[in-house]
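A short write-up of the structure that comes next.
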Amino acid sequence: MITSIVESVHEVPAAEWEHLARSAGLYLSHRWLAGEAEDPTATCAYVLVRDPGGMLLAATPLYLVRDEPNDSYQPETVLPPHLRPRVIAGARRGYHNTPLTAPGLGPGRRDACLALLRDAVRRFADHHGTTHWWPYLTTEAATRLAPLYPDPALRLEDDALIPLPGAGIDDYISSLPAQRRAGIRRERRAFAAATGLDVRRQVLADCWEDAAVLLAGHQQDHGHDRDGLDAMTALLKRQATAMGSEARVVAAYDGPRMIGFCLFYHYGTTTWIRAVALDRRHPAPHLYFNLMYYLPIEEAYVHGTTALHAGMKAIEAKRRRGAGVSGLYALADPPS
């Protein structure tokens, strides 16, 4: 097998990359990575493992981080004190990470590919005078990678995925316990009956400025002082440009004013919640639950996906809405 490192994801045909990434999730997709390459806070590279015939067997993006604005991706925030890697292996955003391997590889060949990825990432980091880590690995990915590292995987967070059975939101609601069914129907009715509210479905490119105002307020309410209006405007504008019609928004308006939105993506068999923010001063009943769960679930059924990725935090609220919960882990290469 042959290992190489390229400087742009565009050096790999999108269809070839997607063959590996489709089952791995949105945050390792070719189009998402192309957008993230525009982020000025890190330098990107991409490790490729091919067979002698040129077939792509494994891959991972790399990020040499200069300035990390997200506390949850800062090693000093989530890793033990002796670990301070500056290279991220895999997805840098989205809290969902795995090395990419081709479907159908046998265990022996797959493990050999993972070892080659590890070796290439280690050489890249060493060349830049640092070490590397894999943040927010899925349970399966952490299990496969852990034998390649001296320290055990460190559990960082919980991850929630809501299955969507049947053909519509009524099927989803029917799959829940009776008490939860009644509660969700009540929350949906109260929101639908709210006077003066207008629910709009649109692409992010049509509303990123309004959404950025709400997202900046949400981030600062949660203590993320670096995520001000300028930062959130730049972030959403970059996503709107990179992702185009794939960046979907369902938003609530009171007259001309956006009072809440959910940004999501349909990718593979899953609908991925990317951001939810609202004006907490507005009295719309159950605005958050409808934006976070019920309206995106309706959109997921229309699109034909079979799960809603609800991500980290507020895990018990997600369990009550049918989520299965798994762990997210970090693996780090210690200093030599």
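Details
- Here the Karplus relation 6.51 cos²θ - 1.76 cosθ + 1.60, evaluated at θ = phi - 60°, turns the backbone of region 75-86 into coupling constants of x, 5, 8, 10, 10, x, x, 7, 10, 9, x, 10 Hz, with x for every Gly and Pro.
- Approximate spin-label separation Asp71-Glu316, in nm, with each point projected 7 Å along Cα-to-Cβ: 2.1
- Of Gly108, Gly166, Gly228, the one that fluctuates the most in a GNM where the chain has Cα springs shorter than 10 Å: Gly108
- Within-9-Å neighbourhood charge of Leu176 [Cβ basis; K, R +1; D, E -1]: +4
- Taking 0.36 nm per residue of separation and subtracting the current Cα-Cα distance, fully stretching the chain between Ala112 and Ser245 would add 44.1 nm.
- Shape call, region 1-43: gyration tensor on alpha carbons, a/c limit 1.5: oblate
- Distance between the 7 Å Cα→Cβ label points at Asp126 and Ser8: 3.0 nm.
- Compactness ratio for region 165-305: Cα radius of gyration over 2.2 N^0.38 Å (N = residue count) comes to 1.07.
- Length gained when the stretch Asp198-Thr41 is fully extended (0.36 nm per residue, less Cα-Cα span): 52.8 nm
- Region 193-210 - phi-based ³J(HN,Hα) in whole Hz, Karplus 6.51/-1.76/1.60, Gly and Pro as x: 7, 4, 7, x, 8, 10, 9, 10, 10, 8, 8, 4, 4, 8, 8, 5, 5, 5
- Residues His309, His10, sorted so that the one with the fewest Cβ neighbours within 10 Å comes first: His10, His309
- Taking the chain and dividing mean pair separation by its residue count, relative contact order in percent (alpha carbons under 8 Å, at least six apart): 22
- Within the chain, longest stretch clear of exposed GluC sites (Glu not before Pro) (DSSP loop, no more than 15 other Cβ within 10 Å): 39-336
- Exposed loop sites are taken as trypsin sites (Lys or Arg not before Pro) in a DSSP loop (any state but H, G, I, E or B) with at most 10 other beta carbon atoms within 10 Å; the longest stretch of the chain without one runs 67-280.
- Counting every other Cβ atom within 10 Å of each residue's Cβ, Thr138, Thr3 order from fewest to most as Thr3, Thr138.
- Backbone amide hydrogens, once placed in the peptide plane, bring Gly260 within less than 5 Å of Ala252, Asp279, excluding anything fewer than 5 places away on its chain.
Quick note: the coordinates plus some simple rules give every number you see, no bench work behind them. In this text the structure is predicted, and so the values were computed from the model without any measurement. We place every Cβ from the backbone using ideal geometry, glycine too, and count neighbours over all the protein chains shown.
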